[in-house]
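Below is one structure; the comments refer to it alone.
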Number of protein chains: 2
Amino acid sequence: MKRIAIDMDEVIADFVFKHLNLYNRDFNESLSVEDLYGTRLWKLRPHISKEILAYVNDPAFFRDLRVIKGSQEVIQALSEKYEIFITTAAMEHPSSFTAKYEWLEEHFPFLTAMNFVFCGDKSIIHADYLIDDNPKHFRRFIGKGILFTAPHNIHETGYVRVNNWHDVKQYFRNLHEN
Amino acid sequence: MKRIAIDMDEVIADFVFKHLNLYNRDFNESLSVEDLYGTRLWKLRPHISKEILAYVNDPAFFRDLRVIKGSQEVIQALSEKYEIFITTAAMEHPSSFTAKYEWLEEHFPFLTAMNFVFCGDKSIIHADYLIDDNPKHFRRFIGKGILFTAPHNIHETGYVRVNNWHDVKQYFRNLHEN
């Protein structure tokens, strides 16, 4: 059985929606997702990058993120033909461990926690595919990297790109591996 | 650079010493490590296995484990020639995440948190070597499994065995890989 590793933030968990809303509320702005094309919020407002980054230090920040549309259905279907591992760079936000674990248990109850991986450097992941919004993780990854579109990576080229979970479904359907 | 993945409990963190001490205190017993040869405490006292297993649900349980002798020095030396990843089956004890992270930061400050991996099924680990006390993790591991002696695995055969961190040092010295 081939194996698909799947990132959390910006792939199955809508990090940007919550982060941007909190920012707009607290700093009296009305930035949209389009304003983040090719960049990150903390790069767009460098003079307050510290405050912007501080939101994710709240241990509860990751607990109530929206589920990215289609991810549950498509991952459940894929789990019948592939081993699914959720591989998140949680070491970047150590306070997020419990929230991320509980979020996964709530929204992806058909997956086993034994297949959750909280890591930092994803080159440690042994899988055939990695669906991730951050192309840095593909550099030393031994399998095939699949770039999941997020505002910050919109201008990245050189990777197989999927824009949403419908695209992921089509990608694996077209492989005819099973 | 080749890569060594290293387990925590019973390899760098002395799980049994604390667990057995707590048990002996609370249940008025005087079991020794030798009593655990080839078994586990909860198998030795099946009628109270639930209580015995409950100790590790305390979020602080893993925070003050003793460091296994020699692990710091040998891992620091190995880290000059190998990429070191700490790979622990933390998903078996989700309440342990923070304690395990803080313990690693305290006792292995020369390692980067980006190389900590909290997982369940270790077949997800992409490394050349895995030093672990639990042979179940070697079954689907793509690299070389190295069994670190712990009371419960004393009768296991069929694996390269190291009894302590001096043995680990010798093992890698004898490889002449560098």
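The values are calculated or read from the model by the stated rules, or taken from the named source; none is laboratory data. No experiment lies behind these values; they were computed from the predicted model shown. Quick reminder, even Gly has a Cβ in these numbers, built from the backbone with ideal geometry, and neighbours come from all protein chains shown.
Restricting to the stretch A:94-116, name every residue that is within 10 Å of another protein chain (Cβ to nearest Cβ), free of Cβ contacts under 8 Å to residues at least 24 places away in the same chain and not aliphatic (A, V, I, L, M). Hits for the stretch A:94-116 are A:94, A:97, A:101, A:105, A:112.
The single condition among (1) touching an Asp or Glu at 6+ places or on another chain (Cβ under 8 Å); (2) buried (at least 21 other Cβ atoms within 10 Å of the Cβ); (3) of a type outside the set (Gly, Ala, Ser); (4) in contact (Cβ under 8 Å) with a residue 60 or more places away in the chain that residue A:81 does not satisfy is (2). Looking only at residues in the stretch B:142-176 that are within 17 Å of residue A:126 (Cβ to Cβ) and at pLDDT 95 or above, which one is surrounded by the fewest Cβ atoms within 10 Å (Cβ to Cβ)? Filtering the stretch B:142-176 for residues that are within 17 Å of residue A:126 (Cβ to Cβ) and at pLDDT 95 or above, the one surrounded by the fewest Cβ atoms within 10 Å (Cβ to Cβ) comes out as B:144. Residue check, residue A:87 against (1) modelled with pLDDT of 95 or more; (2) in a helix (DSSP H, G or I); (3) within 20 Å of residue B:118 (Cα to Cα), all met but one. Which one? For residue A:87, the failing item is (2). Condition test on residue A:100, is it crowded, with 20+ Cβ neighbours inside 10 Å and basic (Lys, Arg)? When the stated conditions are applied, residue A:100 passes them. Annotation: of all residues in the stretch B:127-150 being in a loop (DSSP other than H, G, I, E, B) and touching a residue at least 40 places away in the same chain (Cβ under 8 Å), the one that is nearest to residue B:32 (Cα to Cα) is B:150.
Output the residue which, of all residues in the stretch B:151-175 that are of a type in the set (Lys, Arg) and assigned to a helix (DSSP H, G or I), is nearest to residue B:16 (Cα to Cα). Looking at residues that are of a type in the set (Lys, Arg) and assigned to a helix (DSSP H, G or I), I get B:169. Just one residue in the set B:52, B:75, B:48, B:86 is surrounded by 12 or more Cβ atoms within 10 Å (Cβ to Cβ) and within 14 Å of another protein chain (Cβ to nearest Cβ); that residue is B:86.
Among the residues of the stretch A:56-67, which ones are over 17 Å from the mean Cα position of the chain (by Cα) and surrounded by 14 or more Cβ atoms within 10 Å (Cβ to Cβ)? Hits for the stretch A:56-67 are A:58, A:59.
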